[in-house]
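The values are calculated or read from the model by the stated rules, or taken from the named source; none is laboratory data. These figures come from a predicted structure and were not determined experimentally. FYI the Cβ positions are ideal-geometry reconstructions off the backbone, even for glycines, and counts take in every protein chain you see.
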2 protein chains.
Amino acid sequence: MGVVDRHPGGRPTLEQVARRAGVGRGTVSRVINGSPRVSDRTRTAVLRAVTELGYVPNRAARALAAGSTDAIALVVPEPETRLFAEPYFSGVLRGVSSELADTDMQLLLTLVRDQRERDRLAQFVAARRVDGVLLVSVHHDDPLPDLLERYDMPAVLNGRRSGAESVPYVDSDNSGGAALAVAHLAARGRRTIATITGPLDMYVAQCRLEGYRDALRAAGHRPADTLVAHGDFTERGGHRAMRELLARAPALDAVFCASDLMAAGARAALREADRKVPDDVALVGFDDSAMARQMDPPLTTVRQPIEEMGRTMARVLLDQIRERSAERPHVVLPTELVRRGSA
Amino acid sequence: MGVVDRHPGGRPTLEQVARRAGVGRGTVSRVINGSPRVSDRTRTAVLRAVTELGYVPNRAARALAAGSTDAIALVVPEPETRLFAEPYFSGVLRGVSSELADTDMQLLLTLVRDQRERDRLAQFVAARRVDGVLLVSVHHDDPLPDLLERYDMPAVLNGRRSGAESVPYVDSDNSGGAALAVAHLAARGRRTIATITGPLDMYVAQCRLEGYRDALRAAGHRPADTLVAHGDFTERGGHRAMRELLARAPALDAVFCASDLMAAGARAALREADRKVPDDVALVGFDDSAMARQMDPPLTTVRQPIEEMGRTMARVLLDQIRERSAERPHVVLPTELVRRGSA
DNA sequence: ATCACACATGGGAGCGCTCCCAACCCGGTT
DNA sequence: AACCGGGTTGGGAGCGCTCCCATGTGTGAT
């Protein structure tokens, strides 16, 4: 440790470092912040003083003087936390954090549960208490992105609200992933491939449905509305939708579910209807959530590069913060099919 | 919103509020911070000015002047994140965040993966860039708590390193929970109850083993070493341990696993050995993780009041910060048995 | 009416830093 | 020899707040 054994309270200041190095405050500041306009001799001397004193810049003072906070917020609408379930959120978090590790940005976590907390966040943004915002899992009608834009606060979304999203975002290739899944089913000789969609007011659900249709057409099948049932990304919804499909199209031999959770519900419904998975009906999910591996048989599913998404989000946001003029990138990361027993 | 529509950059300051209210800076400060030494008339006037201008205190300035940061850090050792899996972490997070919601403390998230990040955290603490630290899932040999103590940084642990933990902590009743599980098995007439422990260098694993033994004795059984196999809280470890048990004690008719993950592994081993759950062998886990509900049959398990733990941790930490002299509480929250199909 | 005292209030000093301008130094020009 | 320009350096000003002391202001006791 070494660097840190100073008595609490007696933390050295810029001034003291300057005195010890026999230079002025400005020079120390320049060294600390890596300005090139410092001679090597001076720089060395300053750095030695810094080490000797165990100097660590006072962030509050810096923030006050420079008007920046060196912090970004990761905003998570609460309902989503529950829904998107575990691995997703913590994966993103891991990615973000790892990308931030060698910046000295700090990560501020904000769960937004209700209107009150929403207001607090708005105030937070207005007060510019962070340099940027990462927004996880936005809803199509979420006012937050607009708020951020209005306040000219650098922001990056995880996912997008629509095909015409203006705020920079990092998304995974939902339609591509769905297509992968359905193509796989078709390639395995499945003839009647149904789908259980998410709530279609969410763009991600639209994309997955679109991918399903594309792949169907590409494989020479004809998409039929009877084969499309609507779920809401929940287990119960998947169960209901599966029963609906079974009633409408008893001959189906494959189902692509737009989420693993719905696949779990569907699986239960199939069991109740005495259909074997995968012999009678092949099943594919989406998300590669923890439960996929636990299902019986283990669920074939589509995996998103979650951690990579987190990393990318952080990277894009840092760029935005560094130069406000930077282009506002829209990144779509590829998904992959994870083959397990259910298809 | 109202409160916040000020042009970015033109954020009003204390000074401006003071001018508008026709009072001095000190008075405004007093009102903002709820000092009682202000007349009602003045207070009202100030508050009106605050609202009219949409004033929000500048945190950096406040931190600089007052020497406090109004932020606490939630520190998560990375390996644990993966291990302790999803619902645990996000549950704690939810609890902490909800408790913080009407404070205006902000929550800083710090994943600590490697030595470098560990050092950075040490520096962080030394620099007093937070007012307190919440430490999730400490290891018995974790140096962090000692570091925090040395720097006189208020801290609360989630779990404890040993029975003689000195740092304030919030834990769940692990031995009690284990005892609950085992008592349930005994009450259902199981005769030969085995256990798969966690790594015994973790206090939590010791507690669960102890609870197992206590309950066994209480039910009139005699604990036998042949019925104890050691896992490492992973699925694979659970699998291995179950095979070991099956070899050593083929007649066993129940297993208490110190984690759901290990129970999943054990369940697979039982399937391979053609033992039916729960008919041949009853299975109980610990954690009530997401997968418990997904298992076949659904896993009977012990639930910890995770969110409540998070809330309590935050509350205790805030107390510590408010008055450093406060007693250093050790809180143990009760666990409960969740009965599902596996036992 | 006078004094003492409590309470309310204004505003200077200073927290530790960045920004920026003026001063300085040096070698090369004219 | 006087001058110039670039690179380096010192330090004043100020970021927005809290702390605290000095200054009012009004009340009740004398």
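Computed values, structure above
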quantity: Selection within region A:24-49 - in a loop (DSSP other than H, G, I, E, B) and within 12 Å of DNA strand C (Cβ to nearest atom); calculated: A:Gly24, A:Asn33, A:Gly34, A:Ser35, A:Arg37, A:Val38, A:Ser39
quantity: Residue within region A:167-179 that is surrounded by fewer than 22 Cβ atoms within 10 Å (Cβ to Cβ), more than 10 Å from every other protein chain (Cβ to nearest Cβ), within 28 Å of A:Val302 (Cα to Cα) and over 16 Å from the mean Cα position of the chain (by Cα) present; calculated: yes
quantity: So B:Arg20, is it over 27 Å from A:Asp119 (Cβ atoms) and away from chain A (no Cβ under 14 Å); calculated: no
quantity: Which numbered condition A:Arg128 misses (of (1) modelled with pLDDT under 90; (2) under 24 Å from A:Ser259 (Cβ atoms)); calculated: (2)
quantity: Scope region A:172-195; condition of a type outside the set (Ser, Thr, Tyr), part of a loop (DSSP other than H, G, I, E, B) and under 21 Å from A:Leu245 (Cβ atoms); matching residues; calculated: A:Arg188, A:Gly189, A:Arg190, A:Arg191
quantity: Matching residues, region B:29-54, being near DNA strand D (Cβ under 7 Å from one of its atoms) and of a type in the set (Val, Ile, Thr); calculated: B:Ile32
quantity: Test set (1) over 11 Å from the mean Cα position of the chain (by Cα); (2) under 18 Å from B:Ala314 (Cα atoms); (3) without any contact (Cβ under 8 Å) to a residue 24 or more places away in the chain - B:Ser90 fails condition number; calculated: (1)
quantity: Qualifying residues in region B:145-162 (those that are touching a residue at least 24 places away in the same chain (Cβ under 8 Å) and farther than 22 Å from B:Val96 by Cα) - the one surrounded by the fewest Cβ atoms within 10 Å (Cβ to Cβ); calculated: B:Ser162
quantity: Residues of region B:289-303 satisfying the condition of being surrounded by fewer than 22 Cβ atoms within 10 Å (Cβ to Cβ) and either within 28 Å of B:Leu100 (Cβ to Cβ) or under 14 Å from the mean Cα position of the chain (by Cα) (or both); calculated: B:Ala290, B:Arg303
quantity: Inter-residue pairs, beta-carbon under 6 Å, first closer than 21 Å to B:Leu107 by Cα and in region B:47-66, second more than 13 Å from DNA strand C (Cβ to nearest atom) and part of a loop (DSSP other than H, G, I, E, B), 6+ apart; calculated: B:Val56/A:Ala127; B:Arg59/A:Arg129
quantity: Selected residue (criterion: farthest from the other protein chains (Cβ to nearest Cβ)) from residues of region A:99-123 that are within 26 Å of B:Glu117 (Cβ to Cβ) and in contact with a strand residue (DSSP E or B) (Cβ under 7 Å, 6 or more places away or on another chain); calculated: A:Met105
quantity: A:Gly22 within 7 Å of DNA strand D (Cβ to nearest atom), free of Cβ contacts under 8 Å to residues at least 60 places away in the same chain and at negative phi; calculated: no
quantity: Residues being acidic (Asp, Glu) and under 14 Å from B:Val76 (Cα atoms) - total across region B:133-166; calculated: 1
quantity: Flag if B:Thr13 is among the hydroxyl-bearing types (Ser, Thr, Tyr), in contact (Cβ under 8 Å) with a residue 24 or more places away in the chain and within 8 Å of DNA strand D (Cβ to nearest atom); calculated: yes
quantity: Flag for A:Pro57 being buried (at least 16 other Cβ atoms within 10 Å of the Cβ) and more than 14 Å from DNA strand D (Cβ to nearest atom); calculated: no
quantity: Residues located in region B:218-240, provided they are under 23 Å from the mean Cα position of the chain (by Cα) and within 14 Å of chain A (Cβ to nearest Cβ); calculated: B:Thr234, B:Glu235
quantity: B:Glu52 surrounded by fewer than 22 Cβ atoms within 10 Å (Cβ to Cβ), more than 16 Å from DNA strand C (Cβ to nearest atom) and assigned by TED's automatic domain parsing to the domain that holds B:Val316; calculated: no
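Each row is one residue, and each column tells you yes or no for (1) more than 14 Å from every other protein chain (Cβ to nearest Cβ); (2) touching a strand residue (DSSP E or B) at 6+ places or on another chain (Cβ under 7 Å); (3) at pLDDT 95 or above.
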position: A:Leu216; (1), (2), (3): yes, yes, yes
position: A:Met242; (1), (2), (3): yes, yes, yes
position: A:Ala264; (1), (2), (3): no, no, no
position: A:Asp287; (1), (2), (3): no, yes, no
position: A:Arg293; (1), (2), (3): no, no, no
position: A:Thr301; (1), (2), (3): no, yes, yes
